[in-house]
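Visitor: Can you read through this structure? Questions will come right after.
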Amino acid sequence: MNGTSRSADGTSSTTNGASRTEDGTSSPASEAYEERLRAFVGREVTGPTPGQDPVNQPMIRHWAEAMGDRNPVYTDERAARATGRPGVVAPASMVQAWTMRGYAATVAPAARDTAPGGLAALVALLDEGGYTSVVATDSELEFRRELVPGDHIAVQETVESISPEKKTALGAGRFVTTVKTYRDQAGGLVATQRWRTLRFRPREAGRPRAERSTGGSAAQPGAEPPARRPRPAVNRDNAFWFEAAREHRLVIQRCASCGALRHPPGPCCPECSSLWWDTVESGGRGHLYSYVVNHHPRHPAFTYPLLVAVVELAEGTRLIANLDGVAPEEVRVGMPLVLDWLDADPDLSLPVFRPAATEES
Amino acid sequence: MRAGTLRGAAAIAGIGATEFSKDSGRSELQLACEAVLAALADAGLRPADVDGLVTFTAETNSEIHVARNTGMGEVSFFSRVGYGGGAGCGTVQQAAMAVATGAAEVVVCYRAFNERSGERYGLGQADRPMDTSADRAAYAWMTPFGLHTPAQWVALFARRYMHEYGADGDDFGRVAVVDRKHAATNPAAWFYQRPITLEDHRSSRWIAEPLRLLDCCQETDGGQALVVVSAERARDLPHPPALIHGAAQGLGRDQHMMTSYYRPSISGIPEMGLVARQLYAQSGLGPLDVDAAILYDHFTPLVLPQLEELGFCARGEAKDFIADGHLEVGGRLPANTHGGQLGEAYLHGMNGIAEGVRLVRGTSVNQPEGVGHVLVTAGTGVPTSGLVLGGER
Ligand SMILES: [Zn+2]
């Protein structure tokens, strides 16, 4: 029981007529989504990961044969020494091959590949935005020294940039640039690689993903979509709340040190100054602490008069939310309220409160 | 609360403003220059005498532009105060402290904008650009729910105040009526010769229930400036000095920008209480020593808890204090004798400080008898500030 209360017929509310969803299309261009993408820029998405095997002669030979590269410095000790090298060396462009994770890891990713904030999380986030297809666009390699058998290479990868959505011949997409840094067993830099891919929404197959709206999502074909509600400014301190809301969970930030609840959330506990926190899920019951009936000015995402409330939850914290299922003249400070959810659009779900009596009757 | 050393150290020696309009027809910088020059002329000083500047963080006219355009020379002190209209009296506190410490000798406080013909604050925050700062993120708890504007934010306080103390719309309306009464006799006021009745208030349209149109201040194009010097120097200048007996700022526990709905009680204004305690401690005065007041009136409902926080009446009794006529000229506490921001102009409270100076000089168009001390407040719902001004005794 998480306090989500739906009306008896199972429909969720579409308060104020403003909640209709643009049919079918997800909206990856939302500010919240942009912020989540931006959070990856500059982040290490693959920690230092050693190759499975050290640099070795058999793999060099296979690679040189496959590439048709007959340069003897890769396979012939003597020929290599004749060029002033201490012995055979690996082809420079093999650097990536030494750290490829191999078949087994591809079918069963190791924990680090799926770690929160890792490359898999970035790919999942791009998938969520509809950018489900990928094509490599360019790779710039810079080599510091030649590799020799016995070297053991590790790779680390950091996101350099994620472009705004661009229209391309393949479809709308984003260029994702990462920098892979290759180091030897002593930590010495051997090569860097700037790796750019286009993650794109295929032209035909890019229809709905993440279609979340449950209420009245079938807009009339050709109808102008209603204005969307103002986007919340989501940042590292409040993103968890809006993410929980998308799952229809009303969470309250809780100090992990002293247990005090707080809202609106922040990084630090006002009671004990602790930076550690978690959340509890509200039971979804409360009462009306204050309210306003908005008439003017009007925003196109809302219908007026618009009821906005300060709700005091049973847990003791207050929050701002819209009221639904009650006429402005029937609203009373102190009236008991229960939580419901409003899927305003695919990117935005918000708590809404109804008079408790309505649910119980 | 400590008395400190600010009392009587500095004075407001000059005031100057542009006309107050809905469309100035000139740049905000020009408005600032005109106001600054008028204030300096009033003080009998020249731009070259100025070595300090204080304004709002909300001000678009940076010190460099004002200094360069008005012909100021070297400026040794410049400072800005945040939180919108809450900054007003805080600018004078900054100036007084600078003068008292020797950081500067002649400090000009200014505020100028095309708030009506340019960017109107009343239209709200719904579609302003977003970033990930804490200030912007705070709007995440408001704008997605359609809670965008200052009137709407204040309405939530007003509704709770009504619930706790039994106030009603007429109690707010009486504030508008007295402001407009004073504006009606003030030629500088936008609503000069246009008083309203309580019935006019009752029949004005809803903006954000329980706020009606006539509960909301106007929006204004204009500029206002003040000149602060040491008390000693002020005595040599043309006008009787308006001595700064107290100047204070306040930021309360669990303070938000106009949306401090999460405190145990929201029917008071704790940051104004903090300002009041400091003002009385600094000045050695109490509420009974205050002869007139300029109470920040962007919206009528928050005038009531101000009277309570400032000690002019007990909690919940402001409605009776007002209904008994105490804010009228001739009442116990003549208030907003210029017409306030509802009647004269919305200059982020700076025009109210100028009226405080006129009350001390004895030159208000609605001058009450025997004004020794005037208390001036700044914006409510935000971190705020206040002043106690007085004449020589
Ligand atoms: Zn704590």
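Visitor: For the subset of the range B:118-131 comprising residues that are open to solvent by 60 Å² or more (accessible area, probe 1.4 Å) and in contact with an Asp or Glu (Cβ under 8 Å, 6 or more places away or on another chain), which member is nearest to the other protein chains (Cβ to nearest Cβ)?
Guide: Step by step, filter the range B:118-131, then rank; the result is B:Arg120.
Visitor: Among the numbered criteria (1) in contact (Cβ under 8 Å) with a residue 60 or more places away in the chain; (2) within 27 Å of B:Gln218 (Cβ to Cβ), which single criterion is violated by B:Ser62?
Guide: That leaves (1) as the condition not met.
Visitor: Something else now. What do you reckon, is A:Arg212 touching a Pro at 6+ places or on another chain (Cβ under 6 Å), more than 16 Å from the ligand (Cβ to nearest atom), at pLDDT below 90 and open to solvent by 30 Å² or more (accessible area, probe 1.4 Å)?
Guide: Yes; evaluated as a whole, the condition is true for this residue.
Visitor: Would you point out the residue of the range A:105-138, among those that are acidic (Asp, Glu) and out of contact with any helix residue (DSSP H, G or I) (no Cβ under 7 Å at 6 or more places or on another chain), that is modelled with the lowest pLDDT?
Guide: A:Asp138
Visitor: Here is a further query. Can you pull out the residues in the range A:255-276 that are facing chain B (nearest Cβ under 10 Å), open to solvent by less than 60 Å² (accessible area, probe 1.4 Å) and assigned to a loop (DSSP other than H, G, I, E, B)?
Guide: Within the range A:255-276, A:His263, A:Pro264, A:Pro265, A:Gly266 meet the criteria.
Visitor: What is the residue count in the range A:308-328 for residues that are at the interface with chain B (Cβ under 9 Å from one of its Cβ atoms) and of a type outside the set (Ser, Thr, Tyr)?
Guide: 9
Visitor: I need every pair where a residue in the range B:265-294 that is within 14 Å of chain A (Cβ to nearest Cβ) has its Cβ under 6 Å from the Cβ of a residue that is part of a helix (DSSP H, G or I) and charged (D, E, K, R), sequence separation at least 6 or different chains.
Guide: B:Ile266/B:Arg160; B:Ser267/B:Arg160; B:Ser267/B:Glu164
Visitor: Of the residues A:Val338, A:Val331, only one is at the interface with another protein chain (Cβ under 10 Å from one of its Cβ atoms) and either closer than 19 Å to A:Ala301 by Cβ or open to solvent by less than 30 Å² (accessible area, probe 1.4 Å) (or both); which?
Guide: After applying the criteria, what remains is A:Val331.
Visitor: Can you pull out every residue in the range A:243-263 that is within 16 Å of the ligand (Cβ to nearest atom) and of a type outside the set (Lys, Arg)?
Guide: Passing the criteria: A:Ile252, A:Gln253, A:Cys255, A:Ala256, A:Ser257, A:Cys258, A:Gly259, A:Ala260, A:Leu261, A:His263.
Visitor: Return the only residue of B:Leu198, B:Leu243, B:Leu226 being of a type in the set (A, V, I, L, M, F, W, C), more than 14 Å from chain A (Cβ to nearest Cβ) and surrounded by fewer than 18 Cβ atoms within 10 Å (Cβ to Cβ).
Guide: Every option except B:Leu198 fails the conditions.
Visitor: For the range B:106-144, how many residues meet the condition of being over 30 Å from B:Arg315 (Cβ atoms) and part of a helix (DSSP H, G or I)?
Guide: Number satisfying all stated conditions: 9.
Visitor: Can you name the number of the only condition in (1) at pLDDT 90 or above; (2) among the hydrophobic types (A, V, I, L, M, F, W, C); (3) open to solvent by 30 Å² or more (accessible area, probe 1.4 Å) that A:Ala244 fails?
Guide: Going through the list (1) at pLDDT 90 or above; (2) among the hydrophobic types (A, V, I, L, M, F, W, C); (3) open to solvent by 30 Å² or more (accessible area, probe 1.4 Å), A:Ala244 breaks only (3).
Visitor: Only one residue in A:Thr197, A:Thr177, A:Thr192 is away from the ligand (no atom under 16 Å from the Cβ) and either open to solvent by 20 Å² or more (accessible area, probe 1.4 Å) or at pLDDT 95 or above (or both), so which one is that?
Guide: A:Thr192
Visitor: Do we find that A:Arg228 is touching a strand residue (DSSP E or B) at 6+ places or on another chain (Cβ under 7 Å) and more than 14 Å from the ligand (Cβ to nearest atom) in this structure?
Guide: Here the answer is yes, as A:Arg228 does meet what is asked.
Visitor: Of the residues A:Val45, A:Val41, which is open to solvent by 30 Å² or more (accessible area, probe 1.4 Å), within 36 Å of the chain's Cα centre (by Cα) and closer than 23 Å to A:Ala191 by Cβ?
Guide: A:Val41
Visitor: Can you list the strands (runs of 3 or more DSSP E) lying wholly within the range A:314-357 that have 1 or more residues being in contact with a His (Cβ under 6 Å, 6 or more places away or on another chain)?
Guide: So the answer is A:318-323, A:336-345.
Visitor: Just need a number here: residues in the range B:201-223 that are of a type outside the set (Ser, Thr, Tyr) and within 14 Å of chain A (Cβ to nearest Cβ).
Guide: Here the count works out to 13.
Visitor: Does the range A:277-295 contain at least one residue that is away from every other protein chain (no Cβ under 12 Å), among the β-branched types (Val, Ile, Thr) and either in a loop (DSSP other than H, G, I, E, B) or within 16 Å of the ligand (Cβ to nearest atom) (or both)?
Guide: Yes, the conditions are met somewhere in the range A:277-295.
Visitor: May I pose another question? Tell me which residues, restricted to the range B:215-234, are more than 30 Å from B:Ser204 (Cα to Cα) and assigned to a helix (DSSP H, G or I).
Guide: Selection gives B:Ala231, B:Glu232, B:Arg233, B:Ala234.
The values are calculated or read from the model by the stated rules, or taken from the named source; none is laboratory data. Keep in mind that this is a model prediction, so the values were computed, not measured. Virtual Cβ from ideal backbone geometry, glycine too; neighbours counted across all protein chains shown. To get the accessible areas, we keep the full protein, side chains included, count just its heavy atoms, and leave off ligands, DNA and RNA. Shrake-Rupley method; radii C 1.70, N 1.55, O 1.52, S 1.80 Å.
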